[in-house]
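Please read the structure below before turning to the comments.
The values are calculated or read from the model by the stated rules, or taken from the named source; none is laboratory data. Note that the coordinates shown come from a computational prediction; the quantities given were computed from them, not determined experimentally. We place every Cβ from the backbone using ideal geometry, glycine too, and count neighbours over all the protein chains shown.
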Amino acid sequence: MTTITGDAGVGSGVAPSTIGPNKSYITVRPVEMVTTAGGVTMLPIASRHELESDGAFSIQVDPLPDGFAHEFQFIINGGEFTSPPRYCEVPTSGTVAFKDLVDVTPPDHGGWGVPGWIADLIALVEAGGGGGGGEGGPAAWGSITGPMSSQTDLAAALAALAPKASPALTGNPTAPTPSPGDNDTSIATTAFVATAIAALISSAPGALDTLDELAAALGDDANFAATITNALALKAPLASPVFTGNPRVPTAAPGDASTTAASTAFVATAIAALISSAPGALDTLDELAAALGDDANFAATITNALALKASLASPALTGNPTAPTPAPGDNDVSIATTAFVQTELTGKAGAATPGAALAILTQSAYDALSSPSATTAYIIP
């Protein structure tokens, strides 16, 4: 096996920068450089090798017997350009650059005849004595003379081969597996298909990795997108929804003070708790406002008014305070006005001895006297 390296710029006449977006190839075909007396030449069975995007290639070819050469030809950008063929002798092993191969004179076939390798096979069989196959060697094919249609043994062998056009293969035919993502006329092997399906499934869960499962997940609805769009059109947005009809929400617990939506039942409970046992005449804000004299500053008004009042305990009155005048002779904790005092003094003074002294004492002070003076008039308020 010999490795040949190079690029399309050598031999094709096309610069690598003009390779183009479509695939480019180099084809290799074995040919005889000599012609037998009967004009027999080797059947050209070509192999095709894809070039890199920059036109580079590294291919392996089988060695050929003496008298044979390899034909090389470039097919650029999907067949847009085909180079002239180049005939070269290839070493039997090692690695060689394409530009260093030795060119040879192209053969003059005069038209392709019976393949030379078949003629060699026939000669080998005949030299070995032929036989019916098995241990004695392969069955003799007989001599090849006349047109191809008269070669019954050869025709039978060729009939067992598949045609190039629309072959109907049987058994377990195989082919090289194209690279993942390949998208041309190459044969897709089961390995290529399995890889493509695996890439399609990727990391989908097991319950959603077939079309049937996906269809079931969509409710077998061929118009799933429209169905969902129509269903969403009947829904309110999260931001500033505008409800219609009779929307309902769960009733929050009494006293809830969060962003939870309030139902009418929640509001009614809150109002009832606010009113509690207020009398009917004071169970609305309007009635309470009227009771406060519609005074928005009621608290200040009352506070200012209380500041002008005397306290019940030890009041310090100012100005000219007045009080009701008790009845004459009143003897309790009632306030004694000046009028009450003058009345009491006048009464006491009229009853006293003329020229007697006048003394105003409390009841307890009077009672403490061991012997009141007969010449003193005592007034007990």
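Taking the stated definitions as given, is ALA310 under 30 Å from ALA339 (Cβ atoms), surrounded by 10 or more Cβ atoms within 10 Å (Cβ to Cβ) and without any contact (Cβ under 8 Å) to a residue 60 or more places away in the chain? Yes, satisfied. Considering the range 326-354, the residues that are within 19 Å of ALA310 (Cβ to Cβ) and not aliphatic (A, V, I, L, M) include one that is modelled with the lowest pLDDT, namely THR338. Report whether or not ALA215 is surrounded by 10 or more Cβ atoms within 10 Å (Cβ to Cβ) and assigned by TED's automatic domain parsing to the domain that holds ALA198. When the stated conditions are applied, ALA215 passes them. Take the conditions (1) assigned by TED's automatic domain parsing to the domain that holds ALA194; (2) part of a helix (DSSP H, G or I); ASP220 misses just one of them, which is (2). How many of the residues making up the range 224-262 are among the aliphatic types (A, V, I, L, M), surrounded by 10 or more Cβ atoms within 10 Å (Cβ to Cβ) and farther than 28 Å from ALA273 by Cα? Within the range 224-262, residues that are among the aliphatic types (A, V, I, L, M), surrounded by 10 or more Cβ atoms within 10 Å (Cβ to Cβ) and farther than 28 Å from ALA273 by Cα number 4. Of the candidates THR244, THR259, THR251, the single residue that is outside any helix (DSSP H, G or I), farther than 30 Å from VAL333 by Cα and touching a residue at least 12 places away in the same chain (Cβ under 8 Å) is THR251. Among what's in the range 263-298 and is part of a helix (DSSP H, G or I) and in contact (Cβ under 8 Å) with a residue 12 or more places away in the chain, pick the residue that is surrounded by the most Cβ atoms within 10 Å (Cβ to Cβ). Of everything passing the filter in the range 263-298, PHE266 is surrounded by the most Cβ atoms within 10 Å (Cβ to Cβ).
Condition check ((1) farther than 17 Å from GLY79 by Cβ; (2) of a type outside the set (A, V, I, L, M); (3) in a loop (DSSP other than H, G, I, E, B); (4) at pLDDT 85 or above) across all residues:
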{"position": "GLY6", "(1), (2), (3), (4)": "yes, yes, no, yes"}
{"position": "PRO21", "(1), (2), (3), (4)": "no, yes, yes, no"}
{"position": "ARG29", "(1), (2), (3), (4)": "no, yes, no, yes"}
{"position": "ILE45", "(1), (2), (3), (4)": "yes, no, yes, no"}
{"position": "ARG48", "(1), (2), (3), (4)": "no, yes, no, yes"}
{"position": "GLU52", "(1), (2), (3), (4)": "yes, yes, yes, yes"}
{"position": "SER58", "(1), (2), (3), (4)": "yes, yes, no, yes"}
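Residue check: ASN183 meets all listed conditions (1) within 21 Å of the chain's Cα centre (by Cα); (2) closer than 30 Å to LEU169 by Cβ but one, namely (1). Would you check if PRO84 is touching a residue at least 40 places away in the same chain (Cβ under 8 Å) and not in a strand (DSSP E or B)? No.
Across the range 317-330, the qualifying residues are those that are without any contact (Cβ under 8 Å) to a residue 12 or more places away in the chain and within 27 Å of LEU361 (Cβ to Cβ), and the one among them that is surrounded by the most Cβ atoms within 10 Å (Cβ to Cβ) is ASP330.
Does SER364 satisfy the criteria of being in a loop (DSSP other than H, G, I, E, B), of a type in the set (Gly, Ala, Ser) and farther than 30 Å from LEU238 by Cβ? No: the conditions fail for SER364. The set of residues in the range 283-342 being among the basic types (Lys, Arg) and under 60 Å from the mean Cα position of the chain (by Cα) is empty.
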